[in-house]
Amino acid sequence: MKQVYYNRGLGVYSFTTYPMGKLALLHLLCGIFIFWAVSVVKAEDPYRYFTWTATYGMASPLGTPQQVILINGQFPGPRLDLVTNDNIVLNLINKLDEPLLLTWNGIKQRKNSWQDGVLGTNCPIPPNRNYIYRFQPKDQIGSYTYFPSTQLHRAAGGFGVLNVYARSVIPVPYAKPAGDFSLLIGDWYKTSHKALRQILDSGKSLPFPDGLLINGQKQSTFTGDQGKTYMFRISNVGLKTTINFRIQGHKMKLVEVEGSHVIQNLYDSFDVHVGQSLSILVTLDQSPKDYYIVASTRFTTTVLTSTSVLHYTNSQTPVSGPVPAGPVNQFQWSLMQARTIRWNLTSNAARPNPQGSFHYGKITPSRTILLANSAPLINGKQRYAVNGISYIHPDTPLKLADHFNIPGVFTLDSIRSAPTADSPHLATAVLPSSLHEFLEIVFQNKEDTMQSWHLDGYDFWVVGFGSGTWTQASRKGYNLVDALTRHTTQVYPKSWTAIFVSLDNQGMWNLRSAMWDRQYLGQQVYLRVYNPTASLANEYDIPTNALLCGKAAALRHP
């Protein structure tokens, strides 16, 4: 063995020579080290960078020019296609004349409620300012959306598609489709979002919508080849109306609902409630011509309809004849359909394990929270409430107040975990809970209207639907085997819906009506999932770029 020294002026380097046997061993060890080092580098999930600018612009969604919210000049906003565990760095620049936030509907924000994009967790982005979101769709797949969570901006646009695709090494329970279409369906108003807000602020309810849109238009075309199968991702991004979706002459195979693979039943039409998303497979197995794609309102006296076109590439025949009718105005039909949606227990999820490996039905909930929605008048104005509490936003986000121990922003006794006989009133409602609790939450709807509820930060098991008033005996009808896990559930009129949720995601999480006029007028609470021992294993620290406002405005980041 001989040592050689070499000086290049940048320092002294030593080289050692070895006999051939030791040299071969050294090469082998170096190769193993290099392979290990490269593997470690490659093991980090990819980073995806985006810059989005929110502006006002003019469009004519219902044939009349009106002001809408554009993202990068687009209405709806850009389609955000991601892969499981991608690291997203998204710079949002606000060029509106009001503060703005985007929320990522259905993205769990694991350990990271700092990026949730709602007023309980984030200061809104002031005009002519920006905020850089940093988040990861950790262990998620499926069809999701994003939209503005501030004011009634959602009524003007700013929403878009957010699809999370499985990694190539994880099989999905269907053959790769020939194409992938995303359809944002929803009710729409010709009235500006500011005028709609004034209606609500004055103590009145919103009027009936003016129409329905599919991808921000009255009509669009989706083209495919005869004999091939295509995926249609359907999301209801409207303000308040359940929508029935159907395709003339074609069966729809349901394969995924809000991140869960499901038993693959065939449907002629499907109800999509406000805030919900799903994916269907459609095989173009009919004669070569054009067919109606139809969205129509459900449970409304006046039925609004919007159509698009499914165009076979070899078609020479345009759509014709009457638009296919939807189901009759019956809640029972919709309820029975909802009960057919079952979790596919043998399918992989975003990770290579069966979705049913977590046996939710064998766990006894630690407690039950019963939440009753209502529509009271408070101080002579229309409000919406949960257990008699109509939520009001403090000037300081709850998450900041909790982090910095700022008093006077919220209390943990502001709302009861069951309805009371107290008079409805305004308050900042926060429900206390502990990390790793397993909750039973029952949504009780005594109104004669459809409701839709969403929980940020989580999926939950929808274990039961029932009519009338929920009682402990109602548990006998729960599905404790293959109930669907999702982030938004409907509650039928004068009925209840029960969910189970495992509180494994620390943070401050918004539990709200997905119907945006009800959310705006107070039908929401926050769930504080807390652990007294601070640990980065449970929750990330406050971002260094977090905006500070309200009572936190004068504070500094640690």
Taking PHE500 as meeting all but one of (1) over 21 Å from GLN276 (Cβ atoms); (2) touching a Phe, Trp or Tyr at 6+ places or on another chain (Cβ under 9 Å); (3) surrounded by fewer than 24 Cβ atoms within 10 Å (Cβ to Cβ), write down the number of the exception. (1)
Please indicate, with yes or no, whether at least one residue in the stretch 144-165 is surrounded by fewer than 19 Cβ atoms within 10 Å (Cβ to Cβ) and not acidic (Asp, Glu). yes
In the stretch 503-521, how many residues are of a type in the set (A, V, I, L, M, F, W, C) and open to solvent by 10 Å² or more (accessible area, probe 1.4 Å)? 1
Taking the condition at pLDDT 50 or above, among the aliphatic types (A, V, I, L, M) and open to solvent by less than 100 Å² (accessible area, probe 1.4 Å), does LEU23 pass? no
Please enumerate the residues belonging to the stretch 377-407 that are open to solvent by 10 Å² or more (accessible area, probe 1.4 Å), aromatic (Phe, Trp, Tyr) and over 18 Å from TYR530 (Cβ atoms). TYR384
Looking at this structure, is VAL319 under 20 Å from LEU162 (Cβ atoms), among the β-branched types (Val, Ile, Thr) and crowded, with 17+ Cβ neighbours inside 10 Å? no
Is at least one residue of the stretch 398-420 over 26 Å from ILE107 (Cβ atoms) and not in a loop (DSSP other than H, G, I, E, B)? no
With the structure loaded, tell me whether ASP201 is open to solvent by 20 Å² or more (accessible area, probe 1.4 Å), charged (D, E, K, R) and farther than 20 Å from ASP290 by Cβ or whether it fails that test. yes
Just checking, which of TYR230, TYR312, TYR267, TYR292 is surrounded by fewer than 22 Cβ atoms within 10 Å (Cβ to Cβ), aromatic (Phe, Trp, Tyr) and closer than 18 Å to LEU484 by Cα? TYR267
Could you tell me which residue of the stretch 439-462 is surrounded by the fewest Cβ atoms within 10 Å (Cβ to Cβ), considering only residues that are assigned to a strand (DSSP E or B) and under 12 Å from the mean Cα position of the chain (by Cα)? LEU455
Restricted to the stretch 408-427, and to residues that are over 17 Å from VAL529 (Cβ atoms) and in contact with a helix residue (DSSP H, G or I) (Cβ under 8 Å, 6 or more places away or on another chain), which residue is surrounded by the most Cβ atoms within 10 Å (Cβ to Cβ)? VAL409
Given (1) among the small types (Gly, Ala, Ser); (2) open to solvent by less than 10 Å² (accessible area, probe 1.4 Å); (3) touching a Leu at 6+ places or on another chain (Cβ under 9 Å), number of the condition SER467 does not satisfy: (2)
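The values are calculated or read from the model by the stated rules, or taken from the named source; none is laboratory data. If you're wondering where the values come from, they're calculated on a predicted model, not measured in any experiment. As a convention, Cβ positions derive from the backbone with ideal geometry for all residues, glycine included, and neighbour counts pool all protein chains shown. Quick note on the areas: whole protein, heavy atoms, side chains included, nothing else; ligands and nucleic acids left out. Shrake-Rupley method; radii C 1.70, N 1.55, O 1.52, S 1.80 Å.
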